[in-house]
Structures are given as C-alpha cells and as structure tokens.
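The values are calculated or read from the model by the stated rules, or taken from the named source; none is laboratory data. Here the structure is a predicted model, which means the values were calculated and not measured. Cβ sites come from the backbone with ideal geometry, for glycine too, and all protein chains shown count toward neighbours.
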Amino acid sequence: MSQPNTGLARALSKLGYCSRSRAAELIRLGRVNVDGTVHRDPETPVSRRSQIAVDDSPVERSQSIYLMLNKPRGILTTASDERGRETVYSILRAPPATGDPQKTSLPWVAPVGRLDKASEGLLLLTNDSAWAARITDPETHLNKTYHVQINRLASEDFLKSLVHGVKSKGELLRTKTVRLLRSGQKNCWLEIILDEGKNRHIRRMMESNGVEVLRLIRTAIGELQLGNLAKGTFRQLTKEEKRMLDRAMLDGEK
C-alpha cells in the first residue's frame, strides 16, 4: 500500500510495479485508477488505504528483490534509451547466473545509483526504493571500491592529491583512500575507495589533474564483492549479503 500523501506516480513505483516515469505515463494515458476513479495527474495524492489499479487490475506490493549485476562497458544504466542503445535491462531479460533458468520472470527493479556507459562492474538493482535510497545516501558512509586504470604512472604526490581533494565545478572531490595496484611502462591501476558518490566523481577528479581514465571497474560495495560473477550476468543477493550491507549502513550512520 502507498504511503500517506504520496503522489500517485511515486506510490505506484514504490509498490514495485514500474519506474516512476513509466507510472506517470500510464497515469496520463488514463490506465490507472484509485478506488475506482481514473486520475490523469501523476501527482494526485493517495493515502495508505487507497487501492491502486492498472487496467482495472489491483496492484499489490511486489516481494522485495535485491540483485547484483556485473555491468559490461558500453551498457547504459537506464530503463530505456531514445537512441536504442543497449541497457542493463537487456541483461535482466536473460536467465540469471544462478538458480532455475526457467524462472526468469522478475518484478520491476531499478538501479541503485549509476555506472556511466564507459564504466563496468558491480551494480545493485532492487524494487525496495527505501533501501536503495539508504545505499546511495552519503550519510551511511558506505564504501564503494573501484579499480581504475589511468594513462600515466602515479607518483606519491599524485595519490596524496586525490585524498586531499580537487575542485571541479565548485565541488570538492576526493577519495577516502587510494593505493597503487600495479604499474606498466606508461599506465597503472589504482584501487580507489569512495564513501560518497558525486556525478562522474572519479572521472572528474582525474580530468582536473589532466589524467585520462582508461578503464573504471566497481569491484565492491561495502564488503559485497563482485567476485567471480561473469560480465553481463546477474544473481540475487543471499540473505547474508543483504544483512551484511544493512549492518554496514547502520555502522556508517553511527
């Protein structure tokens, strides 16, 4: 059921039926009714006791689902793309990495935060919007770990500058920690940990230093590791993995 004084589109999304933008579209098409009355305004207020229906079929809250996906480079973290480019939802239509391959029907889920088109690695998806908001809230101080290949060798002074922070478009961008993983002749790999996530955080930090990011892979969120999950596949979090993330968020809020 929806929360008191919640806009209709948001309420439909929170029930796990579809994205908020898709809900607004359905509402404007006159396909959504509340207690038997059609409303075309996505901001129509609904109460906890309101019964929402789409195409006259009552919408009940979906069971909460928590997924981890290994996003390949070149895939968009969005529900749809006007240019027809491939999105993470094309991966979700494929069989999961574990479990019964016949049971591939999933409720609607949304990405928890984003990885840009050129970035790879661990992406969470869920229909639990409150949980997703806590994962992305800077107040939880939940660590996100990245392996980043850059087009130069990294000096100690350069690594220290990433921790101290750089200014980009009026924002201070910095890492929680950074360490050198390995070096080649002309480039190197860094492990970067953030406990906040501003738009294109790592790429903007590097650009401010005149450094090009060659690859960027998110390898962990909290203690949840990408591990050996194959690129372009997904699976459900185990109960212990979900509890582990919940504990980490509670510890970060203290």
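Numbers at a glance
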| item | result |
| --- | --- |
| Within the range 190-229, considering residues that are out of contact with any Leu (no Cβ under 6 Å at 6 or more places or on another chain) and among the small types (Gly, Ala, Ser), the one surrounded by the fewest Cβ atoms within 10 Å (Cβ to Cβ) | Gly210 |
| Qualifying position, being assigned to a strand (DSSP E or B) and modelled with pLDDT under 95, among Lys198, Lys167 | Lys167 |
| Residue within the range 236-247 that is assigned to a strand (DSSP E or B), at pLDDT 95 or above and either closer than 19 Å to Leu181 by Cβ or of a type in the set (Lys, Arg) (or both) present | no |
| Count of residues meeting criterion [in contact (Cβ under 8 Å) with a residue 60 or more places away in the chain and of a type outside the set (Phe, Trp, Tyr)] in the range 45-70 | 8 |
| Flag if Val178 is surrounded by 16 or more Cβ atoms within 10 Å (Cβ to Cβ) and either touching a helix residue (DSSP H, G or I) at 6+ places or on another chain (Cβ under 9 Å) or aliphatic (A, V, I, L, M) (or both) | yes |
| Leu173 being more than 30 Å from Ile65 (Cα to Cα), crowded, with 16+ Cβ neighbours inside 10 Å and at pLDDT below 95 | yes |
